[in-house]
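Chemist: Provided herewith is a single structure, encoded as structure tokens, for subsequent inquiry.
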Amino acid sequence: MDIFIEFIVDEGKWLTVSLGLALIFVLIVHLKKRKTQLNSQKRYLLALLNLCFAIIIGFMAFGHLLAVTVKLFMETLEGSTALFYLIGIALAIPSWWLISYSILMLKPGHSTKKYLPLNLWLAVTLLVLGPYNFPLAVPGFLNIAYDLNKSKKIGWLIIILIICTYTALFIGSLIFFISGQSFEQFKGIE
């Protein structure tokens, strides 16, 4: 039980889990929906890109809220409880909306314009929380760029950049995960 609680309160571990879950979920959706006839390939790819980003941030926000709650009950939480919950909620709610809208987007006839403000909200919120969140915010901005883009070649370049960003995040998170250090230790703060 102690290992489970230790895992929950070490928020740095949530990135690896979130990236892995997003990859698995997006692959499952792709395998189920790839034969679905949508208006365009761009719309389908945009739905998958939004879904991946939303799952990563949404699951990390869930992990953050769970860690704050566990630390609160264990009386080890340092800092403002209200602020910590506000941060989690500011990321969780738009993420879960983006997940549901992305799934709806896989069905013909649903608008894509709801995704732009949600991607922008999540990406900007991550940046406001600190510059170390920049790599997590990049896919949100690239999702917006992909949606606004009109060129097929630039669209594929954006997708390649998103894949490279997620790959770098996953490799970095695995190194961090394997290190066994807390976020503060890994960054040299502690």
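Chemist: Ranking Lys32, Lys13, Lys42 by Cβ neighbours within 10 Å, fewest first, what do you get?
Modeler: Numbers: Lys32 10, Lys13 20, Lys42 16.
Ordered by Cβ neighbours within 10 Å, fewest first: Lys32, Lys42, Lys13.
Chemist: A further question on this structure: Between Ile159 and Val128, what's the calculated FRET efficiency when r is the beta-carbon distance and R0 is 30 Å? Round to 0.05.
Modeler: Working: r = 27 Å, r/R0 = 0.88.
Taking R0 as 30 Å, the efficiency between Ile159 and Val128 is 0.70.
Chemist: At a 10 Å Cβ-Cβ cut-off, how would you order Ser151, Ser173, fewest neighbours first? Present the calculation step by step, with values, prior to reporting the outcome.
Modeler: Numbers: Ser151 9, Ser173 19.
Ordered by Cβ neighbours within 10 Å, fewest first: Ser151, Ser173.
Chemist: A follow-up question, please. Averaging sequence separations of C-alpha pairs under 8 Å and six or more residues apart, then dividing by the length of the range 2-181, give the relative contact order as a whole percent.
Modeler: Numbers: 176 pairs, mean separation 45.6, N = 180.
Relative CO of the range 2-181 lands at 25 percent.
Chemist: What FRET efficiency, computed as 1/(1 + (r/R0)^6) with R0 = 25 Å and r the Cβ-Cβ distance, is obtained for Thr76 and Ile171, rounded to the nearest 0.05?
Modeler: 0.25
Chemist: So for the range 2-181, taking the charge dipole from beta-carbon charges (+1 Lys/Arg, -1 Asp/Glu), which of Tyr132, Trp96, Phe59 sits furthest toward the positive end?
Modeler: Trp96
Chemist: If you don't mind, another one. Determine the relative contact order of the range 28-134: mean sequence separation of Cα pairs under 8 Å and six or more apart, normalised by residue count, in whole percent. Intermediate values should be presented prior to the final figure.
Modeler: Values: 83 pairs, mean separation 35.5, N = 107.
Once divided by the residue count of the range 28-134, the mean separation gives 33 percent.
Chemist: Sticking with this one: For a footprinting-style exposure proxy, rank Trp121, Trp156 by other Cβ within 10 Å, fewest first. Walk me through the numbers before you get to the answer.
Modeler: On the way: Trp121 18, Trp156 13.
In order of increasing Cβ crowding within 10 Å: Trp156, Trp121.
Taken together, the values in this text are just the output of simple stated rules run on the coordinates, not laboratory data. Computed from a predicted model, the values in this text were never measured in an experiment. All Cβ positions, glycine included, derive from the backbone under ideal geometry; neighbour counts span all protein chains shown.
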